[in-house]
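Here, each number is a calculation from the coordinates, and none is a lab measurement. Remember, predicted model here, so these are calculated numbers, not experimental data. Note that we place each Cβ from the backbone using ideal geometry, even for glycine, and neighbour counts take in every protein chain shown.
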Amino acid sequence: MVFINENYLKLAAGYLFPEIARRVNEYVDANPAVAGRIIRCGIGDVTEPIVPAVLAAMHDAIDDLGSHETFRGYPPPTGYDFLRQAIAEHDYRNRGISISDDEIFVSDGSKGDCGSLLEILGVGNRVAVTDPVYPVYVDTNVMVGNTDEPLDGGGYEGLVTMEGNEANGFVPNPPESPVDLVYLCFPNNPTGSTIDHPRLQAWVDWALENDALIVYDAAYVNFIRDPDLPRSIFEIPGADKCAIETRSFSKNGGFTGIRCGYTVVPKTLEGRTRDGRSVPLHQLWSRRWSTRSNGVSWPVQRGAEALYSAEGLEQTSMLIDHYMTNATLLRGGCEAMGLTVHGGENAPYVWVKCPPGQDSWGMFDRLLKEAQIVTTPGAGFGRCGEGFFRISAFNSRANVEEVVARMKTLV
Ligand code: MLT
C-alpha cells in the first residue's frame, strides 16, 4: 500500500469555507422552508457578471481556436508575453516600480501560488503568519511539514503567529524570534486592515536585516481607496531583495470562476542552499512552472489582458465601486446597531466585533438561524479572530440592503 504524506493528518480541521458550506447545508436540509431566504456573505465570491470588455475578448479568443490560422495549443508556462507586459506596465512600471515582464508569472490565481511557492523553498524553514490569517498560508505549511502538531486553542507547534488586534489595527509588528518566511496580506483578508508606507518599510527593513522572505499577498489591492496607501510591496525600497508578491484577478475582474492571477518574483531575490550558496528564486520558480504546468488558457489570458484596456479599466472600476458601496452600507448598518466595525474602507471585507457575550461561531449560528445570513466566524481565521465575524461585501445591492435590514432585527 502506498505511503501517505502524514503531515495532512496534522491539519486541525477541514478547510474553513467547505466547513461553513457544510453547516449551511445541514441547516437548510433541516429547514427547507427557509432555503430561499439564505443570503451568502461568507466566502468572498463575486456575484456580478464579467464586464463586457473581458467577455468580448474571451469570445474572440474562443473564435481564434476555431480556425487553423489563429489556433493556439500549449501556452507558454509562465504566461503569454502580451499579458505579462500589460501587467508589468499597468500595475508596476506606470506607478514608478521597476518590474520587468519576465518577473511576472501568470497563474490560475494567488491561492494556488501561495501554496506552490513552498515547492521551491526548503522544508524546515521557520514560518510566521499573522493571526487572524487567511488559512491557506497555515495549511499549506502544515502540508509540507513546516510545522509540528496542532496546539490546543489554535495554531501549530513550530509556527510563529503574530497577533493582530484592535490595539495594533490588525497590523502586527515583525516577530522577535528568528523566522525565514513570513506571509503578509494587505489589504487584509479577513480583517480588511491596511498597511501604510512606514509600517511596510519597517517590515522590509526587518526582512533584509534577518534574511527573511516576505510573501506579500496583494489580492485585494484594487479595493484600496486611500491614495496614500502602498499598492505593492515593491514600492518599498529593498523589497526586490526580500519579497514575492501575489495578485489575483478574482475579485477586481470577477475571475473567481475563470481563474487567473499572477506572482511577481524579482530576479534580484535569492534563497540559499544548506551549504550557504545563494540561488535566485526566479530561476527555481521558472523551472517549477515549466515542469509542473502548461499555463493558463488562451481565452482566459486574453480576457485578463482586456482588464487593462481603457474599457476594461473603466468597467472594472464600476464593479469595484459597486462592492465598495456594499461595504460602506454593511459598515454603516453594523455601526447603527452599536457594533464595533473594522475594515470595509479599503477592502471588501467588513470585520465586526461580536456583541458582548457572543463568540464567533455563536454569532455565525445566530445570524444563520435567526436571519438566514451566512457570515464567516472570526475564529476560523485563528485564535485572535475569536470574538469577531467577517461579512463579505461581494453581493448584489438588494442582498446587502436586506442583510442590513435583517441584522437590525437581531442585535
Ligand atoms: C475568502 O473568502 O476569504 C476568499 O474568497 C477565499 C479565497 O480567495 O480563496
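Less than 5 angstrom separates the built amide H of T130 from those of M162, Y183, all sequence-distant by 5 or more or on a different chain. Couplings 3J(HN,Hα) for segment 348-356, derived from phi with the Karplus relation 6.51 cos²θ - 1.76 cosθ + 1.60 (θ = phi - 60°), are x, 10, 10, 10, 10, 7, 5, x, x Hz, where x marks Gly and Pro.
List the relative contact order of segment 259-346 as a percent without decimals, with contacts defined as Cα pairs under 8 Å and 6+ residues apart. Write out the running numbers ahead of the final one.
On the way: 44 pairs, mean separation 15.2, N = 88.
Averaging sequence separation for qualifying contacts and normalising by length gives 17 percent for segment 259-346.
Here's the picture: charge each Lys and Arg Cβ at +1 and each Asp and Glu Cβ at -1 in segment 55-310, and of H59, L269, S293 the one pushed furthest to the positive end of that dipole is H59.
Each Lys and Arg Cβ is given +1 and each Asp and Glu Cβ -1; about its Cα centre, segment 163-243 then shows a dipole of about 260 debye. Please work out the C-alpha center-to-center distance from segment 132-161 to segment 314-335 and express it in whole Å. Measuring centre to centre over Cα atoms gives 33 Å. Using +1 at the Cβ of each Lys and Arg and -1 at the Cβ of each Asp and Glu in the chain, identify which of G338, T140, Y27 lies farthest towards the dipole's positive end. After comparing all options, I get Y27.
What is the order of T273, T246, fewest Cβ neighbours within 10 Å to most?
On the way: T273 9, T246 25.
Least to most surrounded, the residues fall as T273, T246.
For the chain, the relative contact order works out to 23 percent when only alpha carbon pairs closer than 8 Å and six or more residues apart are counted.
Farthest toward the positive end of the dipole of the chain, out of L313, I214, P227, is the Cα of L313, where the dipole comes from beta carbon charges about the Cα centre.
If you find the alpha carbon centre of segment 176-243 and of segment 1-54, how far apart are they in angstrom? What the calculation gives is 29 Å, centre to centre. With the chain treated as a Gaussian network of Cα nodes joined by springs under 10 Å, which of D131, D275, D228 yields the largest mean-square fluctuation? It is D275.
Tell me, I39, I195 in order of fewest to most beta-carbon neighbours within 10 Å? Let's see the in-between values first.
On the way: I39 19, I195 22.
Taking fewest neighbouring Cβ atoms as first place, the list is I39, I195.
Name the most mobile residue of I120, I233, I99, meaning the one with the largest mean-square fluctuation, in a Gaussian network model of the chain with Cα contacts below 10 Å. Looking only at I120, I233, I99, the biggest GNM fluctuation is shown by I120. Compare G44, G96, G154 in a GNM of the chain, Cα atoms joined below 10 Å, and give the one with the largest fluctuation. Answer for the Gaussian network model of the chain: G96. Placing +1 on the Cβ of every Lys and Arg and -1 on the Cβ of every Asp and Glu, with nothing else charged, gives segment 74-177 a dipole about its Cα centre of roughly 340 debye. The alpha-carbon positions of the chain define a convex hull whose volume is 172 Å³ per residue.
In the frame of its principal axes, segment 312-375 has Cα extents of 45, 21, 16 Å, reported largest first. Only Lys, Arg, Asp and Glu carry charge here, each on its Cβ (+1 for the first two, -1 for the last two); on that basis the chain has a dipole of about 500 debye about its Cα centre. The residues I214, I391, when put in order of fewest to most other Cβ atoms within 10 Å, stand as I214, I391.
Would you mind telling me the antiparallel percentage of the DSSP bridges in segment 55-310, rounded to 5? In segment 55-310, approximately 45 percent of DSSP beta bridges are antiparallel ones.
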